[in-house]
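Dropping the structure in here first, questions after.
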Amino acid sequence: MTDTTPETAAVERGTTLIEVDAIGKRYGSIIALSDVTTSVKAGEVTCVLGDNGAGKSTFIKILAGAHAHTDGVLRVDGDERSFSSPREALDAGIATVYQDLAVVPLMPVWRNFFLGSEPRKGLGMDVAFMKHTTKTELAAMGIDLRDVDQPIGTLSGGERQCVAIARAVYFGARVLILDEPTAALGVKQSGVVLKYIAKARERGLGVVFITHNPHHAYPVGDRFMLLRRGRSMGDFPKSEISLDDLTAMMAGGAELESLAHELERTMGASSDVAAELKADVRESGVTSSQESGATRG
Amino acid sequence: MATATAAPDERLASTSAITRILTRPEMGAAVAAVAVMIFFSLMSDRFMTGAGAGVWLESASTFGIMAVAVSLLMIGGEFDLSAGVMTGFTALVVGILTTNYGLNVWAAVLVALVLALAIGAINGYLVMRTGLPSFIITLGTFFILQGIDLAVTKLIIGQVTIQGLTNIPFYDSIQPVFGSSVSILGGTFYVSVLWWVVVTAIATWVLLRTKAGNWIFAVGGAQQSARQVGVPVLKTKIGLFMTTAFAGWLVGMISLFRTSTVQANTGVGQEFIYIICAVVGGCLLTGGYGSAIGAALGALIYGMTFQGITFAQWDTNWLRTFLGAMLLGAVLLNNWVRTRAETSR
């Protein structure tokens, strides 16, 4: 990279940026999250997987500074921290890109990129610098924009996501939290976003990728933490877990099998879908014994 | 700033320069202004003379100053229905304080400015704190001020018109600032035209080249997003309401010192004309998009039509019909532009 990214400190790849140790969050008597342990390293993608209501948003809120944790330990660069505001998390280099992206659709890309942190020049803004930087920063993320003057609303969903990511990176993020970036996107657009996540990892950022789709997580992830009903189901490096394991754990073996059973009943035993699903369940080795007998009949 | 664009991208077809000009928010108003100018030049011999131009420029200038301020506010996503009555209110404050209480005219003008800014700030604060539409809040302020204008004026001076302003001390020192004129080519050109140009130039610069301009577009386009990235939404919106109030004060002073009199009902009903001028100039009613130059052009169209109809010796009631038709046309055009700007290519 030839251009200057002012605030990003060069961190050696593999350095642990965030450590989460048996962290938990209670709202009064409600336990939203408990006993979650994982880590985020520079140049790695930590995927947080879980279905709706698994505690993913609570986990994000702790890292992003929206809520402080009540149990366990959060360490940033080895120091114990507890964020009481998003500003504090930002100052520690942790930026969150939420689903709504915080962009203004009718405004040009370059205005959106610098919105809220416009560089000054005399009494006005340094427009030439802003346009140039937007173009080069997006190019560094692999987005080649035709024209930074076009309204951001004219970009595709994936591209908009990437502008938001590039913006967070430019303004000093070392850890990037992406809240379900692929949830609202089609297959092709999701692929585009995954490519940029890989790009951010290449640039040495620690990425926390929140998703409910193991097929999106597996190709780009280095570490996988699974959440279910507010509890961690484990924290695995990529070498210890396969995509099939991941999928099976996500859905829960027994639940997946009963779904296969259900499909078989409604669509007939010869149904490809049911057969495939059953084969998947068997392969992943999480089949519970009582149902394997029942499905034979 | 032509230097801002880097080497041209090969995927940008050469037609895009024209397309970009055509999709500028003020483009519709510019085309319409030229059409209206040609039309009335053909309808009346006096229209394009120095005398004629002086008349319609003067008419356009006061509407233009207000329309430009209102356009900033509309880009910021709000309305101000008290903008019209504000011009009368500030003029009445100066008129009563000087003729009735003998206050120094410069001091009175300053008092009027402070009052106007305070009312603007209250408008903005109420809108932001209550979360109610600015349409309702400023409709309230509009009626409150309208009542005060009439009742207080009658209560203090016993009539509804300020008289004797020219006899107050220092009148000659302040009159030229707001009401002087020069003769060029047989026409009388008022200083208000200069104010109009200055206000438009400053507003355009602020919108396109400053932080504040970025924030105005952002709070009107997506307030929640703007807040998330750290734009001071409250400050920006209150500033916009105060800007509109400031313009109301400026126009109030211009009309007061040009005619040296003011009626208690001055400005009532003109708030909608400002909004029409801004919309014709490309402002979206939903905020986040528009242009100060466009609003100035909208006011120019209004001024030319207003005086052109008189020059052509038609029934002046046609002005209203024309305004309404132009508003509808502009809204349809803007809607189309916005749909194009918002949807994916």
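If we keep just the residues of the stretch A:148-159 that are crowded, with 18+ Cβ neighbours inside 10 Å and out of contact with any helix residue (DSSP H, G or I) (no Cβ under 6 Å at 6 or more places or on another chain), which is farthest from the other protein chains (Cβ to nearest Cβ)?
By that ranking, first place goes to A:GLU159.
Could you say whether any residue in the stretch B:203-226 is surrounded by fewer than 15 Cβ atoms within 10 Å (Cβ to Cβ), outside any loop (DSSP other than H, G, I, E, B), away from chain A (no Cβ under 11 Å) and modelled with pLDDT of 90 or more?
No.
For (1) assigned to a loop (DSSP other than H, G, I, E, B); (2) at the interface with another protein chain (Cβ under 10 Å from one of its Cβ atoms); (3) out of contact with any Phe, Trp or Tyr (no Cβ under 7 Å at 6 or more places or on another chain), each residue gets a yes or a no:
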| residue | (1), (2), (3) |
| --- | --- |
| A:ASN112 | no, yes, yes |
| A:CYS162 | no, no, no |
| A:ALA183 | yes, no, yes |
| A:LYS195 | no, no, yes |
| A:LYS199 | no, no, yes |
| A:GLY204 | yes, no, yes |
| A:VAL208 | no, no, yes |
| A:TYR218 | no, no, yes |
| A:LEU226 | no, no, yes |
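Identify the single condition in (1) buried (at least 22 other Cβ atoms within 10 Å of the Cβ); (2) free of Cβ contacts under 8 Å to residues at least 60 places away in the same chain; (3) at the interface with chain B (Cβ under 10 Å from one of its Cβ atoms) that A:ALA128 does not satisfy, given that it satisfies every other one.
Of everything listed in (1) buried (at least 22 other Cβ atoms within 10 Å of the Cβ); (2) free of Cβ contacts under 8 Å to residues at least 60 places away in the same chain; (3) at the interface with chain B (Cβ under 10 Å from one of its Cβ atoms), A:ALA128 misses just condition (1).
Hey, another quick one. Take the residues of the stretch A:114-125 that are under 26 Å from A:LYS199 (Cβ atoms) and not in a helix (DSSP H, G or I): which is farthest from the other protein chains (Cβ to nearest Cβ)?
Ranking the candidates gives A:PRO119 first.
With at pLDDT below 85 and surrounded by 18 or more Cβ atoms within 10 Å (Cβ to Cβ) as the only criterion, which of A:LEU205, A:LEU277 stands out?
Of A:LEU205, A:LEU277, the one residue that is at pLDDT below 85 and surrounded by 18 or more Cβ atoms within 10 Å (Cβ to Cβ) is A:LEU277.
Restricting attention to the stretch B:273-302, which residues are of a type in the set (Val, Ile, Thr) and part of a helix (DSSP H, G or I)?
Matches in the stretch B:273-302: B:ILE273, B:ILE275, B:ILE276, B:VAL279, B:VAL280, B:ILE293, B:ILE301.
Show the residue pairs that are 6+ apart or on different chains and have beta-carbon atoms under 6 Å apart, the first residue being within the stretch B:78-91 and on the phi > 0 side of the Ramachandran plot, the second being part of a helix (DSSP H, G or I) and at pLDDT below 95.
Sorted first by the residue in the stretch B:78-91, then by its partner, the list stays empty.
What residue, of A:ALA92, A:ALA140, is among the aliphatic types (A, V, I, L, M), closer than 21 Å to B:GLY230 by Cβ and away from chain B (no Cβ under 11 Å)?
A:ALA92 is the lone residue from the list that is among the aliphatic types (A, V, I, L, M), closer than 21 Å to B:GLY230 by Cβ and away from chain B (no Cβ under 11 Å).
Related question: Being more than 13 Å from the chain's Cα centre (by Cα), away from chain A (no Cβ under 14 Å) and modelled with pLDDT of 95 or more, is that true of even one residue in the stretch B:231-238?
yes
I'd like the full set of residues that are out of contact with any helix residue (DSSP H, G or I) (no Cβ under 7 Å at 6 or more places or on another chain) and within 22 Å of A:LYS199 (Cα to Cα), limited to the stretch A:126-147.
A:HIS132, A:THR133, A:LYS135, A:THR136, A:ALA139, A:ALA140, A:ASP144, A:ARG146, A:ASP147
Now for a different question. Might you let me know whether the stretch B:276-288 holds any residue that is touching a residue at least 60 places away in the same chain (Cβ under 8 Å), more than 14 Å from chain A (Cβ to nearest Cβ) and in contact with an Asp or Glu (Cβ under 8 Å, 6 or more places away or on another chain)?
There is at least one residue in the stretch B:276-288 that is touching a residue at least 60 places away in the same chain (Cβ under 8 Å), more than 14 Å from chain A (Cβ to nearest Cβ) and in contact with an Asp or Glu (Cβ under 8 Å, 6 or more places away or on another chain).
Sort out which residues of the stretch B:96-139 are within 20 Å of the chain's Cα centre (by Cα) and of a type in the set (Gly, Ala, Ser), and write them in order of number.
B:ALA112, B:ALA116, B:ALA118, B:GLY120, B:ALA121, B:GLY124, B:SER134
In the stretch B:162-191, what residues are surrounded by 13 or more Cβ atoms within 10 Å (Cβ to Cβ) and either in a helix (DSSP H, G or I) or among the hydroxyl-bearing types (Ser, Thr, Tyr) (or both)?
Scanning the stretch B:162-191 gives B:LEU165, B:TYR171, B:ILE174, B:GLN175, B:VAL177, B:PHE178, B:GLY179, B:SER180, B:SER181, B:THR188, B:TYR190, B:VAL191.
Moving on to the next point. Would you check which residues across the stretch A:97-110 are within 10 Å of chain B (Cβ to nearest Cβ) and on the phi < 0 side of the Ramachandran plot and list them?
Listed by number, the residues that qualify are A:TYR98, A:ASP100, A:VAL103, A:VAL104, A:PRO105, A:LEU106, A:MET107, A:PRO108, A:TRP110.
Which of the following residues is in contact with a strand residue (DSSP E or B) (Cβ under 8 Å, 6 or more places away or on another chain), under 16 Å from B:THR261 (Cβ atoms) and of a type outside the set (Gly, Ala, Ser): B:ILE162, B:ILE168, B:ILE174?
Exactly one residue qualifies, and that residue is B:ILE162.
Taking the stretch A:17-50 as the search range and keeping residues that are hydroxyl-bearing (Ser, Thr, Tyr) and free of Cβ contacts under 8 Å to residues at least 40 places away in the same chain, which one is surrounded by the most Cβ atoms within 10 Å (Cβ to Cβ)?
A:TYR27
Could you list, in sequence order, the residues of the stretch B:307-324 that are within 21 Å of B:ALA53 (Cα to Cα), out of contact with any Gly (no Cβ under 7 Å at 6 or more places or on another chain) and not β-branched (Val, Ile, Thr)?
B:GLN307, B:GLY308, B:ALA312, B:GLN313, B:TRP314, B:ASP315, B:TRP318, B:LEU319, B:PHE322, B:LEU323
The values are calculated or read from the model by the stated rules, or taken from the named source; none is laboratory data. Since the model is a prediction, treat every value here as computed from it, not as a measurement. Here Cβ is always computed from backbone atoms with ideal geometry, including for glycine, and neighbour counts include all displayed protein chains.
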